[in-house]
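The structure appears below as structure tokens.
The values are calculated or read from the model by the stated rules, or taken from the named source; none is laboratory data. This one's a predicted model, so the numbers in the text were calculated from it and none came from an experiment. Cβ placement follows ideal geometry from the backbone for every residue including glycine, while neighbour counts extend to all protein chains displayed. Ligands, DNA and RNA are excluded from the accessible area calculation, which covers all protein heavy atoms including side chains. Shrake-Rupley method; radii C 1.70, N 1.55, O 1.52, S 1.80 Å.
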Amino acid sequence: MVFFDVGSAKSELKNYYDVVVIGGGPAGLTAAIYARQSGLSVLVLEKDLEGGYMNLTESIENYPGFTSIRGEELGVKMVEHATHFGAHLYTDGAERIEVSKDEKLVHLESGKKVHAKVVIVAAGSKPKQLGVPGEGEFRARGVSYCATCDGHFFKDGHVVVVGGGNSAFDESLFLSKMVKKVTIVHILEKPTADARLREKVESNEKIEYRPLTELVRIEGDDRVKQVVLKNLRTNEEYTMEVDGVFIFVGMTPNSQILEGLAEFDQWGYVITDENMETKTAGIFAVGDIRSKNLRQIITAASDGAIAAFTAAHKYFE
């Protein structure tokens, strides 16, 4: 595992970078690679783990060049690529962007400040919550949003997975390797996951898919003990004993840092032009925070490449 610098003297921040990239996922790291190839000085800020949300994906099978690769492994390769070209990767979060004429001042969560001509925001997204009774109470006590992180806590147990998309199905397949049973509940009649994932789930004897089923309530004592489900065909509620609940019902963009600097769609995703630039000159938004039809690792990387290329030719020539 390759970690970002953590503020040692060796990794001391400079006062100015041509480009500051906020977020160390595929969009941010690709932007850093392309910006460095254009001869620009680059700072990548990531307060958590490099690679972003793809670290939570057990197996990636649609990234060109790899028939199958672990998300964490692909993240490491991207970090190594960016540092090979000389990008400065630093562990810290961005709190606010201040715009003054042709320059931006990025205020970090640590209290430090960095000047830049261009800022590329690749802050990613976070899992949505259901908002049902018991969800907050039992978070980290049986309720989780990451099977890769927490699946081992439920070895040989029975878990419920909420959702019918790619994340829910992918994480259910991962959980099936260690638990006794996975029950997927989904409020729609048909799943929205890709056909390949649906086939894998259907052929997995440990996984049961229950369509038109709503999770109404999570119950327990010191930990999750059971869930209350509703059959949406009959509107009847019933109880199921479980050891854990994994929730995968979509994502919320981490786009708050661009308030006042960008326009947003109805879901809070950032609206950009075809070159990834926001309404504020020199500020770009890429990856999962951007309003678009497809959010995948490859489209995030594409966003980052386009933003860095545009920035280099528009602001540094």
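Here Tyr34 passes the criteria (1) out of contact with any Asp or Glu (no Cβ under 7 Å at 6 or more places or on another chain); (2) closer than 23 Å to Thr148 by Cβ except the one numbered (2). Collect the residues in the range 1-33 that are of a type in the set (A, V, I, L, M, F, W, C), open to solvent by 40 Å² or more (accessible area, probe 1.4 Å) and either at pLDDT 80 or above or outside any helix (DSSP H, G or I) (or both), keeping them in residue-number order. Result: Met1, Val2, Phe3, Val6. Answer yes if at least one residue in the range 133-150 is surrounded by fewer than 18 Cβ atoms within 10 Å (Cβ to Cβ), in a loop (DSSP other than H, G, I, E, B), in contact with a Lys or Arg (Cβ under 8 Å, 6 or more places away or on another chain) and at pLDDT 95 or above, and no otherwise. Yes: the range 133-150 contains one or more residues that are surrounded by fewer than 18 Cβ atoms within 10 Å (Cβ to Cβ), in a loop (DSSP other than H, G, I, E, B), in contact with a Lys or Arg (Cβ under 8 Å, 6 or more places away or on another chain) and at pLDDT 95 or above. Quick check on the range 193-208. Is at least one of its residues in a loop (DSSP other than H, G, I, E, B) and either within 25 Å of the chain's Cα centre (by Cα) or under 30 Å from Gly93 (Cα atoms) (or both)? Yes, that holds for at least one residue. Just wondering, is there one or more residues in the range 184-192 that are hydrophobic (A, V, I, L, M, F, W, C), in a loop (DSSP other than H, G, I, E, B) and open to solvent by 10 Å² or more (accessible area, probe 1.4 Å)? Yes, there is a match, as at least one residue in the range 184-192 is hydrophobic (A, V, I, L, M, F, W, C), in a loop (DSSP other than H, G, I, E, B) and open to solvent by 10 Å² or more (accessible area, probe 1.4 Å). The condition of being touching a residue at least 40 places away in the same chain (Cβ under 8 Å), more than 30 Å from Lys117 (Cβ to Cβ) and open to solvent by less than 30 Å² (accessible area, probe 1.4 Å) holds for only one of Val227, Val270, Val249, that being Val227. Restricted to strands (runs of 3 or more DSSP E) entirely inside the range 227-317, those with at least 3 residues that are within 30 Å of His158 (Cβ to Cβ) are 236-241, 244-247.
What are the pairs with Cβ atoms under 6 angstrom where one residue, in the range 167-180, is in a loop (DSSP other than H, G, I, E, B) and the other, located anywhere, is among the charged types (D, E, K, R)? Sequence gap at least six, or different chains. These pairs meet every condition: Ser176/Lys206; Met178/Lys155; Lys180/Asp156.
The residue pairs whose first member lies in the range 111-130 and is modelled with pLDDT of 95 or more, whose second member is assigned to a strand (DSSP E or B) and among the small types (Gly, Ala, Ser), and whose beta carbons are closer than 7 Å, counting only pairs six or more residues apart or on different chains, are Val121/Ala285.
Among the residues of the range 34-92, those identified as open to solvent by less than 10 Å² (accessible area, probe 1.4 Å), outside any loop (DSSP other than H, G, I, E, B) and of a type in the set (Gly, Ala, Ser) are Ala35, Gly71, Gly75, Ala82.
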